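The values are calculated or read from the model by the stated rules, or taken from the named source; none is laboratory data. Just so we're clear, the structure is a prediction, and the values are computed from it rather than from any experiment. Note that we place each Cβ from the backbone using ideal geometry, even for glycine, and neighbour counts take in every protein chain shown.
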Amino acid sequence: MCIGINLLALNVADLVIKFFSQSKKIEFDIESSVLHYKENDDVPEDFFLEYSLSDTPFIQDADWSFVGKPDKNSFLNYSWYILNEKDKVVIKVEYEDHIQLKEITAVLDLKKGKGVVAVVPLSGNVDVVKIDPLIHPLGSLLLLYLVHQKGGLLMHASGIVDQGNAYVFTGVSGIGKSTMCRLWKECGARAVNDDRVVLRLQGDDVIVYNNPMPYYAQFPVQSTLNKIFLLKQSPENYIKPLKGVFAYSRVLGNFIQQFYDKDMIRQHLEYIEKVLLKVEVYELGFKPDYDIVKLVRAMD
């Protein structure tokens, strides 16, 4: 095991990820989104990521496979880039208004379970950069590829556990995923997450997990997934089963999938197919009241 100045082990969706830095100027913020995901340092890791400070951009001119940025906002603005570089995944984030960071770049060797992360601070004279190791949006992009490498999926969905049953609710942005999660919590269910969940195949089961989210801390939750609901706003509550290719095509677009490599894409689609062979899918028309909770509970 590598022991150094700064070593942090996390357990996310039953994956052990270790973050390490030899630099005295990097301090991992354990009071951030990762607060409740800490793992013992002596547990063997699935992935090992080494962080270092850099004075200059790690990669400048490149033919990026994916580029993205959020709508302009008053909280945090950035651009992110993904590149396939000699069998490695490169993730780069440029920050416009972060108080400490100018840029951060991760280079991942997924097959070896290792990666390096270069942090470029705003000022070269910085004393200490205190950083959430899964800082947004680097963290969500890292998890996408790390989870994929271990046969899992990230999904835009809310999830709940109720009376021993776990459900996820998915659909287009604004359809009501967070509203559905709130309704269930108010009826006594436990929230998995209201925006993004991890699905992993474990034997004959599909396990749904939460994962560290930006800007708030949450205790880990996991449960065997029973049903997937595709949300649709409706004047009346109803449940309609979706089967086969129709279920697959309706749910497919709700899985997070920034993959550029044909083998990654094939594996991703195979993982989805395996999940849908084990978990029933339904269209759920709903109006935002507690009757929808009663309707779903009556199924079991």
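So, of the residues in region 28-53 that are crowded, with 16+ Cβ neighbours inside 10 Å and touching a Ser or Thr at 6+ places or on another chain (Cβ under 8 Å), which turns out to be modelled with the lowest pLDDT?
53
So, in region 11-27, exactly how many residues are closer than 12 Å to residue 212 by Cα and crowded, with 22+ Cβ neighbours inside 10 Å?
2
Please go through region 224-259 and pick out each residue that is out of contact with any strand residue (DSSP E or B) (no Cβ under 8 Å at 6 or more places or on another chain) and of a type in the set (Ser, Thr, Tyr).
248, 249
Taking residue 86, is it under 23 Å from residue 121 (Cβ atoms) and among the basic types (Lys, Arg)?
no
Which members of region 114-134 meet the condition of being closer than 18 Å to residue 82 by Cα and surrounded by fewer than 22 Cβ atoms within 10 Å (Cβ to Cβ)?
114, 116, 118, 120
Identify, please: which residue in region 60-74 is part of a loop (DSSP other than H, G, I, E, B) and hydrophobic (A, V, I, L, M, F, W, C) and is, among those, modelled with the highest pLDDT?
Looking at the filtered set, the residue picked out is 64.
Could you list, in sequence order, the residues of region 1-21 that are in a loop (DSSP other than H, G, I, E, B), at pLDDT below 95 and touching a strand residue (DSSP E or B) at 6+ places or on another chain (Cβ under 7 Å)?
2, 4, 5
Take the residues in region 134-162 that are in contact with a helix residue (DSSP H, G or I) (Cβ under 8 Å, 6 or more places away or on another chain) and part of a loop (DSSP other than H, G, I, E, B), then tell me which one is farthest from residue 271 (Cα to Cα).
134
How about region 118-133: which of its residues are assigned to a loop (DSSP other than H, G, I, E, B) and under 15 Å from residue 49 (Cβ atoms)?
Residues satisfying the conditions are 132, 133.
Please go through region 249-268 and give me each residue that is in a helix (DSSP H, G or I) and free of Cβ contacts under 8 Å to residues at least 12 places away in the same chain, ordered by number.
Within region 249-268, 249, 262, 263, 265, 266 qualify.
Of the residues that sit in region 175-232 and are of a type in the set (Phe, Trp, Tyr) and surrounded by 22 or more Cβ atoms within 10 Å (Cβ to Cβ), which one is farthest from residue 289 (Cα to Cα)?
209
Mind listing whichever residues of region 84-94 are surrounded by fewer than 19 Cβ atoms within 10 Å (Cβ to Cβ) and in a strand (DSSP E or B)?
The answer is 84, 85, 88, 94.
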